[in-house]
1. What accessible area per residue comes out for chain A, rounded to a whole number of Å², with a 1.4 Å probe?
2. Taking a label point 7 Å from Cα toward Cβ, how far is A:D36 from its twins in the other copies, in nm, shortest first?
3. Please state the shape class of segment A:1-82: rounded when a/c is under 1.5, otherwise prolate if a/b exceeds b/c and oblate if not, all from the C-alpha gyration tensor.
4. If you roll a 1.4 Å probe over the protein assembly as shown with all protein chains in place, what percent of the accessible area is carbon or sulfur?
5. Which residues of segment B:68-96 bury at least 40 Å² of accessible area once all protein chains are present, versus their chain alone (1.4 Å probe)?
6. PRE reach from B:E59 (point 7 Å along Cα→Cβ): which of segment B:90-129 fall under 20 Å by backbone N?
7. Along the charge dipole of segment A:11-120, which of A:A82, A:M72, A:L57 sits closest to the positive end, that is, farthest toward it, with unit charges on the beta carbon of Lys, Arg, Asp and Glu (+1, +1, -1, -1)?
8. Quick one: 3J(HN,Hα) in Hz for segment A:36-45, Karplus 6.51/-1.76/1.60 with θ = phi - 60°, rounded, Gly and Pro as x.
There are 2 protein chains.
Amino acid sequence: MDLINISDTIIKIETAALEEWNKGNPSGYLDILASDITYFDPFTKKRLDGFDKMKDLYEGLRGKICADGYEMIDPVVQAIGAAVAVLTYNLNSSAKGVTYKWNCTVVYRLEKEDQWRIIHNHWSFVEPT
Amino acid sequence: MDLINISDTIIKIETAALEEWNKGNPSGYLDILASDITYFDPFTKKRLDGFDKMKDLYEGLRGKICADGYEMIDPVVQAIGAAVAVLTYNLNSSAKGVTYKWNCTVVYRLEKEDQWRIIHNHWSFVEPT
């Protein structure tokens, strides 16, 4: 798969998971998390390690997220070889008239059966509020 | 290089750059940034792309950072093949009696002459203040 195809594939995978997330459904992400995922967001006191901790976090948020709209700004995919893709983007996410501005890093690894899975995810606010 | 060796190597490289950074010297990081680096921190309005933008940012901070102490908490290196290493850690950084708590992601790629370089870096606060 060449760089353009990897880039298109990764952005499609991320967009599909994000759109489910915006409807309160974390399964889109849960389905593509690797067993050894590491994870940061502004609300976790420390890095979360491993799928089981992510499942606890995300299942606890099921049905609680509702974004009215989003803008994935300038996604870039840095592919390394054929099996690693680092996706970064800024995200504007709107809910109840408020826009939240995020920095987002997602590291994808190609696993068996040609499945891309997330091995690292880092969410942060563009500016502390 | 096996996983343990990659992990040790990456943590040593990061620690050396961080210790220079804490003394106000960004050259430790500048020397190991890849040309295609992507970068987030809480103060940039948008992702920074490419070495030249990082050089502008870091040279503007030269001599302005002075950390009295730091603790690199539980660094983990996720190696993918022999040429990619995703380093994540929490950092407590102390300056003038205040401790700042960070989430840190650094993606390293092995380049020619066996030089590991940073292709992505994401800094964020553990909790917004």
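1. 48 Å²
2. 2.3
3. Verdict is oblate for segment A:1-82.
4. Values: 6570 of 12390 Å².
Result for the protein assembly as shown: 53 percent of the exposed heavy-atom area is carbon or sulfur.
5. Flagged in segment B:68-96: B:D74, B:Q78, B:I80, B:V84, B:T88, B:N90.
6. Once the point is set 7 Å along Cα→Cβ of B:E59, B:118 turn out to lie under 20 Å by backbone N, inside segment B:90-129.
7. Selected residue: A:L57.
8. Per residue, the Karplus-derived 3J(HN,Hα) values read 9, 4, 10, 8, 10, 9, x, 9, 8, 5 Hz.
The values are calculated or read from the model by the stated rules, or taken from the named source; none is laboratory data. Computed from a predicted structure; not experimentally measured. Positions of Cβ are generated from backbone atoms using ideal geometry, with glycine treated the same way; all protein chains shown enter the neighbour counts. Ligands, DNA and RNA are stripped out before the accessible areas are found, and what is left, the full protein with its side chains, is counted by its heavy atoms. Shrake-Rupley method; radii C 1.70, N 1.55, O 1.52, S 1.80 Å.
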